Amino acid sequence: DRTSLSLLDISTGAVQPLTFGYHNVSLLDIGPDSKHVIFTTTSRRLTARPTTLFSIWRMDLKTLKAECLVRDDGFVASAKFSPDGKRIAIMGSPECLGGVGKNVPEGRVPSMYDYQLYTMDIATRQVKALTKNFNPSVNTYEWSKADGDIWLTAYDRDYCHLYRCDPSTGTISQVEEPEDMVNQIAVADNSHELLWQGQGASNSDRLYRLDTATGKSTL
């Protein structure tokens, strides 16, 4: 009753198991070269907080060699490759990755639902806390191949806004949008465009196209 990963060759129908064992496995992302994947394994403990632990692995699909990038961290939520495949973006609470994103007084426990965004260099394992001084809680994110920025939605009190983050400098800016709640985003691979879906107090879901170069949205 535990999940594992397999690779299906569509042309031949052959199925190749990638993982096995007694841990649940979940796919996180496929690398831009389609030669690597990152996935999580899950384990449990009942003696300490948190009781569920996650490890993030990167696998070479040719050699099937897997390397552990994050081990037994109960505060990570998801991860995605950078456009060049050399880094990953990780979403998690302020206590993940050794607490590098904590921004509360010493002795105070930060909220497990205040999701933050981090980047990790795969070669050096160096971690950067992008949203340590960013108050809203990250909801969704996409790393754009076209401009190299990370586009994210984040909860700010009763709103969910769209933001743009430069991962090299950590600069985050809010994108002007005509709705109160931005629920989903999709970033184009080879053009400076983004689709986002949102709703307001007086209307249900609407779909917009955003020109990322000008910051203007079109219904």
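The values are calculated or read from the model by the stated rules, or taken from the named source; none is laboratory data. The shown structure was predicted, so the numbers you read here are calculated from the model rather than taken from an experiment. Heads up, the Cβs are rebuilt from the backbone with ideal geometry, glycines too, and the neighbour counts pull from every protein chain shown. Surface areas here come from the heavy atoms of the whole protein model, side chains and all, with no ligands, DNA or RNA. Shrake-Rupley method; radii C 1.70, N 1.55, O 1.52, S 1.80 Å.
With respect to the conditions (1) open to solvent by less than 70 Å² (accessible area, probe 1.4 Å); (2) closer than 20 Å to SER93 by Cβ, ARG45 lacks only one, and its number is (1).
Please state which one of ASP33, ASP60 is modelled with pLDDT under 95, under 21 Å from the mean Cα position of the chain (by Cα) and open to solvent by 30 Å² or more (accessible area, probe 1.4 Å).
Residue meeting the stated conditions: ASP33.
Condition check for VAL70 on (1) within 15 Å of the chain's Cα centre (by Cα); (2) open to solvent by 30 Å² or more (accessible area, probe 1.4 Å): one failure, at (2). For region 1-33, residues that are touching a residue at least 12 places away in the same chain (Cβ under 8 Å) and in a loop (DSSP other than H, G, I, E, B) total 13.
Answer yes or no as to whether TYR163 is under 17 Å from LEU117 (Cβ atoms) and either polar (S, T, N, Q) or open to solvent by less than 20 Å² (accessible area, probe 1.4 Å) (or both). So TYR163 passes the test. Considering only region 151-159, I want to know if a residue exists there that is aromatic (Phe, Trp, Tyr), touching a Cys at 6+ places or on another chain (Cβ under 8 Å), open to solvent by less than 20 Å² (accessible area, probe 1.4 Å) and within 21 Å of GLN116 (Cα to Cα). Yes, that holds for at least one residue.
Residues in region 97-131 that are over 17 Å from the mean Cα position of the chain (by Cα) and open to solvent by less than 50 Å² (accessible area, probe 1.4 Å): 2 in all.
In region 99-123, the residues that are more than 15 Å from ASP73 (Cα to Cα) form Cβ pairs under 6 Å with partners that are open to solvent by 50 Å² or more (accessible area, probe 1.4 Å) and outside any loop (DSSP other than H, G, I, E, B), at six or more places apart or across chains, as follows: THR119/ARG87; THR119/LYS128; ASP121/ARG87.
Please verify whether ASP9 is open to solvent by less than 80 Å² (accessible area, probe 1.4 Å), farther than 22 Å from PHE75 by Cα and in contact with a Gly (Cβ under 9 Å, 6 or more places away or on another chain), treating the condition exactly as stated.
no
Close Cβ contacts (under 8 Å, 6 or more residues apart or on different chains) running from residues in region 135-146 that are open to solvent by less than 30 Å² (accessible area, probe 1.4 Å) to residues that are at pLDDT below 95 and among the aromatic types (Phe, Trp, Tyr) comprise SER137/TYR113.
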